[in-house]
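What follows is a single structure, written as structure tokens, with notes after it.
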Amino acid sequence: MNLPEKIGRQTVLLKNSPCVLASAGVAGKREGNGPLGAEFDRVFEDARMNEDSWEKAESDLQKCAVETAIQKAGLSVNDIDLILAGDLLGQSMGTTFGVRGLDIPFLGLYGACSTMALSLATAALFTDCGAVNKAVAATSSHFCSAEKQFRLPLEYGGQRPPQAQWTATAAGAAVLGRGEGAVKVGCLTYGKICDMGITDANNMGAAMAPAAADTIATHLRETGRAADEYDCIVTGDLGAVGTKLLYELLEKEYSTDIRSNHSDCGLMLYDMNDRDVNSGASGCGCSASIVCTHFMRRLAAGEIKRLLFVGTGALLSQLSPLQGESIPSIAHAVVLEGGKG
């Protein structure tokens, strides 16, 4: 077995064809009514999912995505060596209570809304080097649990500013193994923390755009690839504000134009004519649910040959804005190659 090859400071080239054996995305009612609703494996009409708290509902959401992906792979939980997952809640409680009954070795990860890219990249790395045979990468978010933790009680009914984004009620999971799937993980680029001094907790797009630009530019430089060598460059959840800033930063700072082949999951999940969603979608489940359904299917069918998935996350906590801190951000990138069945 060949060892993964480090190329540059942040990028790792995988050598043993780690593949996505199956993936699944589940979502809430609002997400199911959006443009991609028909692509989700399951849509829940009840956001509380018959639970007595929003946090328990999110745990059920992530567990459903994980179990569905494992089932689609034709496997059982006993076949999985490791699950790598996390969420937005304190101490990743959505994940912890969601997967605790599965009896799978667990590695908790936190990358805010970049967690799907982080878990996917790390699961692929573990699989490529032989540390595990099969792994699951997963994450979730829930509008109500996120609002309760980071902003205000829902009952308050505060008005959302135009730059705000709507946290997705959704989850995604992918099962990885070696050499058996139609979607191959080619290489990955771990991001660095970027902080441009943004302090507005309602403006996640502006906080995350610098990290997305830095990781995309670093990936292209360290791999020696041009942006147009990718059929799609998919960012996690920058929304309308963050996407505009990403284009400006890439063009000004790195002389790179990705407008022709770029998609942002934050602009795909909802009908952007709906004024309630403001700048678009956000949350771990946003990119997780879309990448694990819409993009994985297109990759498996060979409609997309090479995709760069760049998950973006704002690394704030409940307390950091109250202490006058700015909002650091992170972005991790994973190359997915299709038509390899």
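Just a few scattered comments:
- Pick from region 307-322, criterion touching a Phe, Trp or Tyr at 6+ places or on another chain (Cβ under 9 Å) and of a type in the set (Gly, Ala, Ser), ranking: modelled with the lowest pLDDT: 317
- Selection within region 211-228 - surrounded by fewer than 24 Cβ atoms within 10 Å (Cβ to Cβ) and touching a residue at least 40 places away in the same chain (Cβ under 8 Å): 214, 218, 221, 222, 223
- Test: residue in region 269-281 that is among the basic types (Lys, Arg), within 17 Å of residue 34 (Cβ to Cβ) and free of Cβ contacts under 8 Å to residues at least 12 places away in the same chain: yes
- Residues within region 315-334 that are of a type in the set (Gly, Ala, Ser) and under 12 Å from the mean Cα position of the chain (by Cα), tallied: 2
- Output for region 5-59, where each listed residue is assigned to a strand (DSSP E or B) and charged (D, E, K, R): 5, 6, 42
- Considering each residue of region 74-88 in turn, none proves to be closer than 22 Å to residue 27 by Cβ, assigned to a helix (DSSP H, G or I) and either polar (S, T, N, Q) or free of Cβ contacts under 8 Å to residues at least 24 places away in the same chain (or both).
- Filtering 230, 254, 247 for residues that are in the same structural domain as residue 192 (by TED's automatic domain parsing), under 23 Å from residue 337 (Cβ atoms) and aromatic (Phe, Trp, Tyr) leaves a single hit, 230.
- Applying the criterion of being in a strand (DSSP E or B) and under 21 Å from residue 128 (Cα atoms) to the residues of region 167-181, the residue that is modelled with the lowest pLDDT is 178.
- Listed conditions (1) modelled with pLDDT of 95 or more; (2) not in a strand (DSSP E or B) are all met by residue 187, apart from (2).
- Selected residue [of a type outside the set (Lys, Arg), in contact with a strand residue (DSSP E or B) (Cβ under 6 Å, 6 or more places away or on another chain) and outside the structural domain of residue 265 (by TED's automatic domain parsing)] from 96, 115: 115
- Only a single item in (1) surrounded by fewer than 22 Cβ atoms within 10 Å (Cβ to Cβ); (2) assigned to a strand (DSSP E or B) is not met by residue 316, and it is number (2).
- Top-ranked residue in region 289-313 [being over 17 Å from residue 114 (Cα atoms) and crowded, with 24+ Cβ neighbours inside 10 Å; ranked as nearest to the chain's Cα centre (by Cα)]: 296
The values are calculated or read from the model by the stated rules, or taken from the named source; none is laboratory data. Bear in mind the structure is a predicted one, so any value in this text is a computation, not a measurement. Cβ sites come from the backbone with ideal geometry, for glycine too, and all protein chains shown count toward neighbours.
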